[in-house]
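Readers should treat all values here as calculations from the given coordinates under stated rules, not as data from a laboratory. None of these values were measured; they are calculated from a predicted model. Here the Cβ positions follow ideal geometry from the backbone for every residue, glycine too, while neighbour counts run over all protein chains shown.
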Protein chains: 2
Amino acid sequence: MKKIRVPEESVKRLSLYLRNLNYLSQGGAETVSSDELAQNICVSAAQVRKDLSYFGDFGRRGVGYNVKSLISEIKSVLGLDKKWSVTLVGVGRLGSALLNYPGFEEFGFQISVAFDNNPKKIGKIWKEVKIKDSSKIEKMIKREKIKIAIIAVPASAAQEMTDTLIRAGIKAILNFSPRYLSIPKNVNIKTVDIAMELGNLAYYLTHGESEADLFS
Amino acid sequence: MKKIRVPEESVKRLSLYLRNLNYLSQGGAETVSSDELAQNICVSAAQVRKDLSYFGDFGRRGVGYNVKSLISEIKSVLGLDKKWSVTLVGVGRLGSALLNYPGFEEFGFQISVAFDNNPKKIGKIWKEVKIKDSSKIEKMIKREKIKIAIIAVPASAAQEMTDTLIRAGIKAILNFSPRYLSIPKNVNIKTVDIAMELGNLAYYLTHGESEADLFS
């Protein structure tokens with residue numbers, strides 16, 4: 001058994017390929033060339049072939065990749081060939097928006113339980129998800145063996161919540177709280193910071209064109 | 001006038017520093033060391049000093065950075081020392097969630113007009129933002145001289161909408177539509193793909209620990 005290191009950027013692109021392949025498949029496409037995939041993702045065809053080669057070579061020269069089998073291979077590599085149960089912590093403005101987010105389903109993510117500390121919300125059902133008391137997090141997540149959490153609490157509460165989630169056995173966190181969270185090495189975290197992305201765009205608007213050039 | 005190239009990653013971190021500095025400032029902090037900033041962002045102190053040195057050296061050895069002036073310097077560098085008028089295209093489930101998103105204000109972004117093609121929505125006011133007919137996009141954006149757009153339309157409509165926005169003079173796009181969008185070189189785009197981030201987390205959950213190692 002050979003252990004190879006897959007660059008993080010390749011892992012990211014796999015999700016993009018998958019998205020694109022789903023789209024092609026819905027449109028009735030049966031095969032796709034690395035050139036087409038490359039164009040749709042905005043990388044080189046060589047990069048596509050390299051990314052996919054980490055996981056075995058599924059393409060055939062002159063024929064391209066079979067869309068359906070590539071979808072199933074990538075899903076399997078990413079661990080998306082099964083359903084993931086996800087918990088949402090914080091059902092405020094952003095959290096309730098996330099309960100509405102249509103993108104999770106496609107990837108097999110299901111928010112199975114949500115938590116909030118607001119007594120007005122506890123016990124309510126929002127988009128088929130029951131909102132539970134935050135004080136029950138540790139017990140419930142342990143019992144349900146949930147491994148993925150989405151954090152949408154205010155910045156001031158985020159670290160304490162993170163510590164609780166990790167004690168409960170959470171191994172992957174999607175963080176919408178606008179602050180750095182300290183986590184142990186065996187836990188993964190991705191932070192989505194929408195305003196920050198706009199901040200980056202504002203920088204390039206201010207300093208001209210799409211180049212990161214600065215006059216000093 | 002010297003032209004220096006600022007790495008994209010440094011630009012990204014500037015927004016993170018800003019976020020953190022705002023947080024420190026709210027807590028009453030007057031100065032901060034590069035060590036503290038580094039810890040909060042999870043990079044090395046040397047990296048912090050390097051990032052900030054691209055824009056002039058604001059720190060003083062043994063004293064650290066003045067929180068207020070660093071906030072104002074970073075805001076100015078990022079172009080966040082003024083208000084940005086933003087348009088939202090698509091007021092479906094995700095779009096209306098974004099009208100709710102509390103993060104924009106902090107960075108000076110204001111959604112000034114939203115568009116949708118659903119007659120039931122057109123003319124309504126949602127969170128103080130008037131929803132206009134999508135067919136008016138080009139005319140209105142030109143008139144209001146808006147430069148930043150948030151795209152939250154379904155994947156099938158995203159490219160056509162993008163072309164319209166670019167004809168109207170949009171120079172920066174925050175894309176929530178789950179597909180690659182073709183844009184000219186002088187337009188910037190950032191794609192936020194929440195399900196994809198979960199996909200990446202699922203990969204690391206499946207393949208163990210926080211290392212991108214794969215057994216093959």
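A few comments on the model shown:
- GNM result for chain A, Cα springs below 10 Å: residue of A:186, A:100, A:22 fluctuating most strongly: A:186
- Computed on segment B:76-115, the Cα convex hull volume stands at 60 Å³ per residue.
- Radius 13 Å from Cβ of residue B:31, net charge of other residues (Lys, Arg +1; Asp, Glu -1): 0
- Comparing the protein assembly as shown with the 2.2 N^0.38 Å rule of thumb, its C-alpha radius of gyration ratio is 1.00 (two decimals).
- Over chain B, the ratio between the Cα radius of gyration and 2.2 N^0.38 Å evaluates to 1.20.
- Computed 3J(HN,Hα) for segment A:92-106, one whole-Hz value per residue from the Karplus formula 6.51 cos²θ - 1.76 cosθ + 1.60 where θ = phi - 60°, is x, 4, 6, x, 5, 4, 5, 4, 8, 5, x, x, 4, 3, 3, glycine and proline marked x.
- For segment B:167-211, the Cα gyration tensor yields ellipsoid semi-axes of 32, 9, 7 Å (square root of five times each eigenvalue, largest first, whole Å).
- Amide H within-cut-off set for residue A:189, under 5 Å, with H built and near neighbours excluded: A:173
- The mean sequence separation of alpha-carbon pairs under 8 Å and at least six residues apart, normalised by the residue count of segment B:39-146, gives a relative contact order of 19 percent.
- Dipole moment magnitude, nearest 20 debye, the protein assembly as shown about Cα centre, only Lys, Arg, Asp, Glu C-beta charged: 700
- Of every Cα-Cα pair in segment B:4-70, the percent that sits beyond 13 Å: 61
- DSSP-loop GluC sites (Glu not before Pro) across segment B:45-143, with at most 11 other Cβ within 10 angstrom: B:128
- Computed FRET value (nearest 0.05) for residue B:125 with residue A:53, which takes r as the C-beta separation and R₀ as 56 Å: 0.60
- Under 5 Å between amide hydrogens, built in the peptide plane, is the criterion, and for residue B:86 it picks out B:110, B:111, B:112, B:113 among residues at least 5 positions away or on other chains.
- Comparing A:21, A:54, A:157 along the charge dipole axis of the protein assembly as shown, the residue lying farthest to the positive side is A:157, per the Cβ-charge model.
- Net charge over other residues, Cβ less than 9 angstrom from the Cβ of residue B:178 (K, R count +1; D, E count -1): 0
- Estimated 222 nm signal from helices in the protein assembly as shown, with DSSP H stretches of n ≥ 4 weighted -39500 (n - 2.57), rounded to 500: -13000 deg cm²/dmol
- In plain terms, the C-alpha convex hull of segment B:1-112 casts an average shadow of 8.8 nm² when viewed from every direction.
- Choice from B:173, B:137, B:194 with maximal GNM fluctuation in chain B (Cα, 10 Å cutoff): B:194
- Estimated dipole of segment B:30-162 in Debye, rounded to 20 [Cβ of Lys and Arg +1, of Asp and Glu -1, Cα centre]: 640
- Look at the stretch B:11-20: the mean tally of other chain Cβ atoms within 10 Å of its residues' Cβ atoms is 5.
- Hz values of 3J(HN,Hα) by residue in segment A:33-47 - Karplus curve (6.51, -1.76, 1.60), Gly and Pro given as x: 8, 5, 4, 4, 4, 4, 4, 5, 9, 6, 10, 7, 4, 4, 5
- For chain B, built as a Gaussian network whose Cα springs stay under 10 Å, the top-fluctuating residue of B:140, B:196, B:161: B:196
- Residue (of B:203, B:70, B:187) at the positive-pole extreme of chain B, dipole from beta-carbon charges: B:187
- Only Lys, Arg (+1) and Asp, Glu (-1) charged, at Cβ; segment A:110-216 dipole about Cα centre in debye: 1080
- Across peptide A:184-196, the average count of Cβ atoms from other chains found within 10 Å of a residue's Cβ is 6.
- A cut-off under 13 angstrom between Cβ atoms defines the neighbours of residue A:139, and their net charge, with Lys, Arg +1 and Asp, Glu -1, is +3.
- Using θ = phi - 60° and Karplus 6.51 cos²θ - 1.76 cosθ + 1.60, couplings along segment B:63-76 (whole Hz; Gly, Pro as x): 10, x, 9, 6, 4, 4, 6, 5, 4, 5, 5, 5, 4, 5
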